[in-house]
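The values are calculated or read from the model by the stated rules, or taken from the named source; none is laboratory data. It should be emphasised that the depicted structure is a prediction, and the values quoted were computed from it without experimental measurement. Note that we place each Cβ from the backbone using ideal geometry, even for glycine, and neighbour counts take in every protein chain shown. Please note that ligands, DNA and RNA were not included when accessible areas were found on the heavy atoms of the full protein model with its side chains. Shrake-Rupley method; radii C 1.70, N 1.55, O 1.52, S 1.80 Å.
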Amino acid sequence: MANSSILDEFKTTHLAEEKIDTNRKLKVGIIGTGWIADAHMNSYLKQPDVEIVAYADLIPGKAEAFMKKWKQTGRVYLSGDELIDNEPDIDAVSVCTYNCQHAEPTIYALKHGVNVLLEKPMCVTLDEAVEICRAEKESGKVLSIGFQPRFDANMKMIKRIVESGTLGKIYYIQTGGGRRRGIPTPFGTSFIAKDTGGIGALGDIGCYSLDMVLNAIGYPKPLTVTGYKSAYFGTNPKYMPCKEYAEAFGVDDFAAGFVRLEGGIVLDFRIAWAMHLDTPGDTIIMGTEGSLRIPSTDCWNGSVGGAMTIYHDLCGTQTQTTVPILRTDADLFDLKIRSFLDAVKYGRPAPVPSSQIIYNQAILDGICRSAELGHEIEIEIPEI
Ligand SMILES: NC(=O)c1ccc[n+]([C@@H]2O[C@H](COP(=O)([O-])OP(=O)(O)OC[C@H]3O[C@@H](n4cnc5c(N)ncnc54)[C@H](O)[C@@H]3O)[C@@H](O)[C@H]2O)c1
């Protein structure tokens, strides 16, 4: 049953469109010219105050082919470090490398005074995340992590519902999601090999589910985790495009974790690249005054899987409020790129800050470590 008085509280307020100052252009470089770099290029080229001046990829010829495909001119390099060394005037880079190459070029760029938009997941291990945060702190530059669903109206609505107090004190969250079959291999093996992907479903799509709920509740610190991971599909040639891919598979295709968060909240999480099931369940956020059900979501594509429901009591009667899906024309990638550029240009805080995402990374890392040890572990995050 829709309840307009409650829903009115959550109406989206649209920020007035800011006029972009084109007097100062930002010089940007792209590090890693694979699949996701196309989405960055597409959005950068729509910005009137950006010049893409340089491209880097470890594979000879790849950066140049990428630049030509986009009908651009510029300089090409064989690594992120080489790009940074040879482009002293560059303002920012997009780090679009595979997960195991997130930390190194990001730290190098920050240490050389370059602002960074880093693709998700932040990296592979918590140790790497700590080093990234330290480099960011020392540099004073902007580091934003590429979680574009943050800009989705429905994701914002989830946060507003929690912040409104309608649910009361949050004490239990179930989240995650997955695909019946969806191990990402169309572009080769960089997602599935241990030395490039590092982590599998956890880092590819799990980090999005975690961000959806952790951002909504204000990113409390994770304290302990019991983790599980497996790879029954990825390593089985029956479910892979070819035997070689099954042999190359070195990451998780399913993972689960039970996480205790500061503030007496527990988080029950599961994520799958492949399974014999349609969905491992909806996301639910349970509170002392109400609970929110978010239908099983493809949250990696930035939105919810259907209308959400708030379960609450109204004048002593158990009732439900439907929160319809909010549809906007906004391109989430454009918003991710623009918000990063504005932070760089006007000295604003990073739109998706590492101070939050380090907790996301700590959970991914904790699940892996706990799964390997076979018992619950404490999450310790050193001082940055
Ligand atoms: N935000 C999103 O919606 C989204 C979607 C897909 C992928 N991603 C993320 O983007 C990242 C890249 O994914 P992809 O699909 O483009 O992978 P990809 O394998 O297609 O491309 C990565 C490229 O980086 C290059 N590379 C690696 N290390 C490098 C270095 N040090 N210097 C220069 N080049 C280097 C590789 O040679 C490769 O060409 C992953 O971390 C992934 O999680 C994000």
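Inclusion of Lys194 among residues that are away from the ligand (no atom under 11 Å from the Cβ), assigned to a loop (DSSP other than H, G, I, E, B) and of a type in the set (D, E, K, R) is warranted.
Looking across the range 46-80, just one residue is open to solvent by less than 80 Å² (accessible area, probe 1.4 Å) and under 17 Å from Gln148 (Cβ atoms), and that is Gln47.
Quick one: is Lys62 within 11 Å of the ligand (Cβ to nearest atom) and charged (D, E, K, R)? In short, yes.
Out of the residues in the range 138-149 meeting the condition of being part of a helix (DSSP H, G or I) and within 12 Å of Lys120 (Cα to Cα), tell me which one is nearest to the ligand (Cβ to nearest atom). Top of the filtered list is Gln148. Just one of (1) more than 30 Å from Gly287 (Cα to Cα); (2) away from the ligand (no atom under 11 Å from the Cβ); (3) part of a strand (DSSP E or B) fails for Leu117. It is (2). Go through (1) in a helix (DSSP H, G or I); (2) near the ligand (Cβ under 10 Å from one of its atoms); (3) within 26 Å of Leu364 (Cβ to Cβ); (4) touching a helix residue (DSSP H, G or I) at 6+ places or on another chain (Cβ under 7 Å) for Met122 and report which single condition fails. With respect to (1) in a helix (DSSP H, G or I); (2) near the ligand (Cβ under 10 Å from one of its atoms); (3) within 26 Å of Leu364 (Cβ to Cβ); (4) touching a helix residue (DSSP H, G or I) at 6+ places or on another chain (Cβ under 7 Å), Met122 is out only on (1). Among the residues of the range 97-111, those that are closer than 26 Å to Gln148 by Cβ and either without any contact (Cβ under 8 Å) to a residue 60 or more places away in the chain or more than 11 Å from the ligand (Cβ to nearest atom) (or both) comprise His102, Ala103, Glu104, Thr106, Ile107, Tyr108, Leu110. Within the range 69-96, residues that are within 22 Å of Arg338 (Cβ to Cβ) reach partners that are within 10 Å of the ligand (Cβ to nearest atom) and of a type in the set (Asp, Glu) with beta carbons closer than 6 Å, at six or more positions or on different chains, in the pairs Cys96/Glu119.
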